[in-house]
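Student: I'd like to ask some things about the structure below.
Nothing in this text is a laboratory measurement; each read-out follows from the coordinates by a stated rule. All values reported here derive from a predicted model rather than from experimental measurement. Here the Cβ is made from the backbone with ideal geometry for all residues, glycine too, and neighbour counts use every protein chain on show.
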Amino acid sequence: MTKVSRRLFTAALGAALTTTGMLGAWSSPALAQQPGSVITVATIGEPPTLDPVGTTSDLVSIITQHIFETLFTFDKDWQLQPLVASALPQISADGKTYTIPLRSGVTFHDGSKMTAEDVVASLDHWLKASPRGKTAAPMVDSVTAKDANTVVIALKEPFAPLTALLAMNNGAAAIVPKSVIDGANPLKSLIGTGPYKLLEHKPDQYIRLVKFDGYASPTGPASGYAGSRTAKIGEVRFVPVPNAATRVSGVLAGQYQFADSLPAEALGRFKGVAGVQPVIVKPFGFPLMIMNSKAGVMANQKLRQAVLTALEPGDMLLAGFGDPAFIAPEGSIYAPGTPYYDAASAKPYGEHGLSKATELLKAAGYKGEPIRIMTSTQYEFLYKMSLVAQAQLEAAGFKVDLQVLDWATLLQKRGDEKAWDAFFTYHTFVPEPSLITVMNPSYPGWWDTPAKKEALAAFNREMDPAARKAKWVEIQKLFYSEVPSIKVGEFYNLAAASDKLTNYTPTPWPFFWNADLKN
């Protein structure tokens, strides 16, 4: 990684800066802005894009949620709240028409006023370009502007996950000016309505976001991602720091005011240290080993079942995190205490064994083909898990080709169905099961069997919560019989923050509006 000195940053504040990427022609007025306070955030690496629509990467979401906003968002209890919308939608009795009022006075970073036409164009783009939008697209009949401040979405049939999909900040239904949209292509300029706007992006060095003085905040008390948003910090600077140890030492030295995704064993280094506070987010998410169900050797369902049986998730979790306080071996996709928890349908999670795996391997007709597994050291816990998985699979008779990539390359390569057989990633907690990326047939792995398609469609049509729980159990049964992915367990995220950072709200995707810096 290239380190950028404080001298260079200071000089850059007063220099005429040229943006790389898609900053757009509106950058010149921003160059004159002198941010009052600056927070430097160490992330796990360079994001593959700053376009929030076309990717479900958490790293992209963390950064771009400051720039772009959606119609709705989630509060601290994961309940839906309006964001660019002025209220939650009015839903017709048949569940097929959503009437969405918009907030007035919302301004884009280029100075233009947001209208219903911009929202309609943004949603049309999302339906074509976003993995999440493509999930909703078959159900959408039309998106129209009723008037300058009202949008109407007409569905072909009831679709319960719609509002949650519209609220997600990755694969986001970002509201942008109609003028920056070019069909299903990436946005022509990165212009949103958020409390921060993009000033400069130097790949592999930093991303600079500065306070947007024209920002129109939603009302109400701050709660999770919802409510009032105020940019109290003048500039938020995201710096890619792929090495976890460097992120730890940097935040301890005061080089970074926030460092994300730290190894659990680093917790002890923060105890009793003046000036730095650990940040533990619980619940947070679950690691996954995604299988390529579409092409290659893992397209064989029996072979995927053999992988599930060969792996011992508890060992993988301990290798990844070390500290049992950060993990929970749990097979149910939704953990205990959540509405969709179900232990019975996740029973195969605990039925591992080498002899059984070897038998399944033979039954699958495995001929010793290399299993190409992609992983990355930028998420150290995923890398450590992949090493244990490699050893366990080889013990069962698999030949493993473990490919260690930087995260941006892994994200790019996973889109090629011929390039891999499995990869390690993780998923943050989401309140709506249809938001889990594995449920999306266009997500790499491409789980889209007829049984899954039928079960998911029935779940999405169902509006009654109790009936939805029963239908979710059927999907989880399919998850463990068809094995499109392997849930390793539950884990909690460790980050660290300077004690000069005040009013920070711990969340799965860290944000820095409403936060402030002392002195």
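Student: Compute the distance from the alpha-carbon center of segment 368-435 to that of segment 259-290, in whole Å.
Tutor: What the calculation gives is 22 Å, centre to centre.
Student: Kindly provide the helix-only [θ] at 222 nm of the chain, computed as the sum of -39,500 (n - 2.57) over DSSP H runs of four or more divided by all residues, to the nearest 500 deg cm²/dmol?
Tutor: Theoretical 222 nm ellipticity from helices: -8000 deg cm²/dmol.
Student: Starting from the Cα-Cα distance between residue 412 and residue 457, subtract it from 0.36 nm times their residue separation and give me the gain in nm to one decimal.
Tutor: Roughly 13.3 nm would be gained on extension.
Student: I've got another one for you. Based on alpha-carbon atoms only, what is the radius of gyration of segment 390-436 relative to the globular estimate 2.2 N^0.38 Å?
Tutor: Rounded to two decimals, the normalised Rg is 1.48.
Student: Expressed in nm², what is the orientationally averaged projection area of the convex hull enclosing the Cα positions of segment 175-255?
Tutor: Result: a mean projected hull area of 7.9 nm².
Student: What does the C-alpha gyration tensor say about the overall shape of segment 6-236? Classify as rounded when a/c is under 1.5, otherwise prolate if a/b is larger than b/c, or oblate.
Tutor: Prolate, since a/c reaches 1.5 and a/b exceeds b/c.
Student: Here are some pairs, 294/347; 128/188; 282/487; 76/487; 362/399; 134/156; which of them have Cα atoms lying more than 20 Å apart in this structure?
Tutor: 294/347; 76/487
Student: Taking 0.36 nm per residue of sequence separation and subtracting the Cα-Cα distance, how much length would be gained by fully extending the chain between residue 147 and residue 204, in nm to one decimal? Don't jump to the answer; show the numbers that get you there.
Tutor: Numbers: separation 57, 0.36 × 57 = 20.52 nm, distance 4.38 nm.
Value of the extension gain: 16.1 nm.
Student: Let me ask something else. For 471, 399, which order do you get if you count the other beta carbons within 10 Å of each Cβ and list the fewest first?
Tutor: So the ranking, lowest neighbour count to highest, is 399, 471.
Student: Next question. May I ask for the equivalent-ellipsoid semi-axes of the chain, computed as the square root of five times each C-alpha gyration tensor eigenvalue and listed largest first in whole Å?
Tutor: The three semi-axes for the chain are 36, 30, 20 Å.
Student: What is the distance in Å between the Cα centres of segment 441-509 and segment 305-343?
Tutor: 14 Å
Student: Here's a follow-up. Using the membrane-span-like helix rule (whole DSSP H runs, Cα extent along the own axis of at least 24 Å, mean Kyte-Doolittle hydropathy at least 0.0), which helices of the chain qualify?
Tutor: For the chain, where a helix must reach 24 Å along its axis and average at least 0.0, the hits are 380-396.
Student: Please give every one of the aspartates and glutamates within straight-line cross-link reach of residue 302, meaning a C-alpha to C-alpha distance under 20 Å, and leave out same-chain neighbours fewer than 8 residues apart.
Tutor: Reachable aspartates and glutamates: 312, 351, 359, 369, 394, 401, 417, 421, 448, 474, 482.
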